[in-house]
Amino acid sequence: MTKLILDLDTGIDDTLALLYALASPDAELIGITGTFGNVSMETGVANDLALLELFGRPDIPVFAGTDHPSWADSFSVMPESGRFHGRNGTGNVEIPACARAKAQALPAVEFLVEALRTNGSDELIVVPTGASTNIAAALEAAPDIVERARIVMMGGALTQPGNVTPFAEANIMQDPEASARLFTAGAQITMVGLDVTTQVKLTREQAEAYRATGTATGAFLSDMLAYYTDVTEEAHPTGVPGCNLHDPLAVASALDPSLIDTFTCDIMVETEGAGRGRTIGDPARVTCPSGRTQVALAVDAERFAERFMERTLAFVRRCP
């Protein structure tokens, strides 16, 4: 059993990542920390609480994180994020549940520090699927946790172009400065980026399988995924039909690293100029590599997609 903390900016694929974590018998989700990106931090936390209510796990604590990037005093959702996730983060489909629980009083960064101090690196994995702001702040606040931290993040691209600029992937672009600090902190990191997440697709037929469960949860997921598929295919008309499973692949890779093949490479993040947000090999560490960062470059897409559908459909059938 692997303990997980999900650091979410809860849009559509974050919703699917949460669903996969809850549906996985080899995972124990001990908390969710809220960040910004697909939506504001406040909207993301509200989505987390409502989704946990819907999925029958309101006992899992949610912690509000920093609501703006480290380089700015405020945050606005990027137009491309709003396009892909809708105004509410779930494709303009309302979550059919009203949260009874509230976010914890403890700030997200303090929870991360406490959890990483309490659990060993062989017990707990942090999975950030939005901006790097929370996890970078936690490592800076408590240098003693750096050696204990295992991070499997959805973000970046090494061999592929970005999805918000020719160079930058969306999560890294939210706070390149925080991502730059994260990659040089010395923690054990696996970067699950566009190199592999663009290889995994959910088809319209698979999305409709949730509706066939006859549950309100299934209908919500199918409606949300119909929106996501429409906008994905509109944005990439020559691509493979369906929608990408970006964030769920990061969770699945944390639980089962055999789903991906990785390359050891110290990463730097560009913070200035046209290449702002680009993740690339760090020339300063070529001759003295740390060996602490792995980049996913290949994925067993078929095995992952089959496992994703098997686990999540079984879970949704038990939901209201």
Could you please give the count of residues in segment 108-146 that are in a loop (DSSP other than H, G, I, E, B) and farther than 12 Å from L6 by Cβ? 8
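Out of A27, A23, A46, report the one residue that is open to solvent by 10 Å² or more (accessible area, probe 1.4 Å), at pLDDT 95 or above, in contact with a Lys or Arg (Cβ under 7 Å, 6 or more places away or on another chain) and not polar (S, T, N, Q).
Selected residue: A23, the only one of A27, A23, A46 that is open to solvent by 10 Å² or more (accessible area, probe 1.4 Å), at pLDDT 95 or above, in contact with a Lys or Arg (Cβ under 7 Å, 6 or more places away or on another chain) and not polar (S, T, N, Q).
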Limited to segment 281-290, what total is found for residues that are open to solvent by 40 Å² or more (accessible area, probe 1.4 Å) and in a loop (DSSP other than H, G, I, E, B)? 5
Kindly evaluate G162 against the criterion of being of a type outside the set (D, E), crowded, with 23+ Cβ neighbours inside 10 Å, in a loop (DSSP other than H, G, I, E, B) and within 18 Å of the chain's Cα centre (by Cα). no
Is one or more of the residues making up segment 32-43 farther than 18 Å from N171 by Cα and of a type outside the set (D, E, K, R)? no
Picked from segment 241-280 (must be open to solvent by 30 Å² or more (accessible area, probe 1.4 Å) and of a type in the set (S, T, Y)), the residue nearest to K3 (Cα to Cα) is S258
By residue number, the members of segment 70-93 that are touching a residue at least 60 places away in the same chain (Cβ under 8 Å) and either within 15 Å of A226 (Cα to Cα) or of a type in the set (V, I, T) (or both) are R83, F84, H85, G86, G89, T90, G91, N92, V93
Taking into account only those residues within segment 206-239 that are farther than 19 Å from Y20 by Cα and hydrophobic (A, V, I, L, M, F, W, C), which is most open to solvent (accessible area, probe 1.4 Å)? A235
Is there any pair with a first residue in segment 244-265 that is touching a residue at least 60 places away in the same chain (Cβ under 8 Å) and under 14 Å from R150 (Cα atoms) and a second that is among the aliphatic types (A, V, I, L, M) and part of a helix (DSSP H, G or I) whose Cβ atoms are under 7 Å apart and which are 6 or more apart or on different chains, and what are they? A250/A17; V251/A17; V251/A21; S253/L259
Got a sec? Which of A141, A149, A131 is open to solvent by 20 Å² or more (accessible area, probe 1.4 Å), modelled with pLDDT of 95 or more and more than 20 Å from D282 (Cα to Cα)? A141
Take the conditions open to solvent by 70 Å² or more (accessible area, probe 1.4 Å), over 23 Å from L249 (Cα atoms) and in contact with a helix residue (DSSP H, G or I) (Cβ under 8 Å, 6 or more places away or on another chain) and apply them to E114. Does it pass? no
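The values are calculated or read from the model by the stated rules, or taken from the named source; none is laboratory data. Owing to the predicted nature of the structure, the values given are computational and were not obtained by experimental measurement. No Cβ is skipped: glycine too gets one built from the backbone with ideal geometry, and neighbour counts run over all protein chains shown. Remember, those area values only see protein heavy atoms, side chains included, never the ligands or the DNA or RNA. Shrake-Rupley method; radii C 1.70, N 1.55, O 1.52, S 1.80 Å.
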